[in-house]
Amino acid sequence: MHSYLNEQLNQALTNHLANKSLLPRLTILGIGNELNGDDGAGVLIVRYLKKKLPKFDQIQLIEGSIAPENYSSVIRKFNPDWIWIIDAAVFGENPGCVQLFDPSRIETLATNTHRLSPNLLVSFLQLDTNAEAFLIGIQPEVVDPFSEISPAVKRSIQETSKFLLRWLQNTYNI
């Protein structure tokens, strides 16, 4: 399930290291509304990473919830090379499917439970930081108010959290 995501992240890392000698400073911003079922996926993944990763100067983890734009000054001060936004996104796949999207594809995705659309958020953060931004999108099944996370997305959250943890540990040697 995550082999494609692994391939994409490794390619992005290779591209980054071709131009810079250091690993990228990375902000991971989980967004979504935990009260709306699968929409909370991004926040839950970042929360998992916060529990499992030791403090590390190269990685910033933010639970952006429904107003991720409120963290723009914190992100700007961190001065990341990369920003990963993790969020529920409708892209026509089976619930729980995970894909990495570059900024040119973000505007085509349906993610409307936040004040600022992910497309505008990415544009704003890129202008503010000159960072390369990606959206890690998780196809939701249920985003109704006060609903539970669907079984497929719950499994995906667990698997994606563990995958990203391993990728970060291996890449950054932490």
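The values are calculated or read from the model by the stated rules, or taken from the named source; none is laboratory data. Computed from a predicted structure; not experimentally measured. Here Cβ is always computed from backbone atoms with ideal geometry, including for glycine, and neighbour counts include all displayed protein chains.
A search for C-beta distances below 7 Å between a residue of the stretch 5-17 that is farther than 23 Å from residue 96 by Cβ and any residue that is assigned to a helix (DSSP H, G or I), counting only pairs 6+ apart in sequence or on different chains, returns 13/171.
Can you name the residue in the stretch 73-125 that is within 21 Å of residue 159 (Cα to Cα) and among the polar types (S, T, N, Q) and is also modelled with the highest pLDDT among such residues? Restricting to residues being within 21 Å of residue 159 (Cα to Cα) and among the polar types (S, T, N, Q), the top hit is 94. Of all residues in the stretch 58-86, those that are surrounded by 18 or more Cβ atoms within 10 Å (Cβ to Cβ) have Cβ atoms under 6 Å from Cβ atoms of residues that are part of a strand (DSSP E or B) and among the acidic types (Asp, Glu), 6 or more apart or on another chain, in 82/132.
Would it be correct to say that residue 45 is closer than 23 Å to residue 97 by Cβ, modelled with pLDDT under 95 and β-branched (Val, Ile, Thr)? Here the answer is no, as residue 45 does not meet what is asked.
The requirement of being under 15 Å from the mean Cα position of the chain (by Cα), closer than 19 Å to residue 163 by Cα and acidic (Asp, Glu) is satisfied by residue 63.
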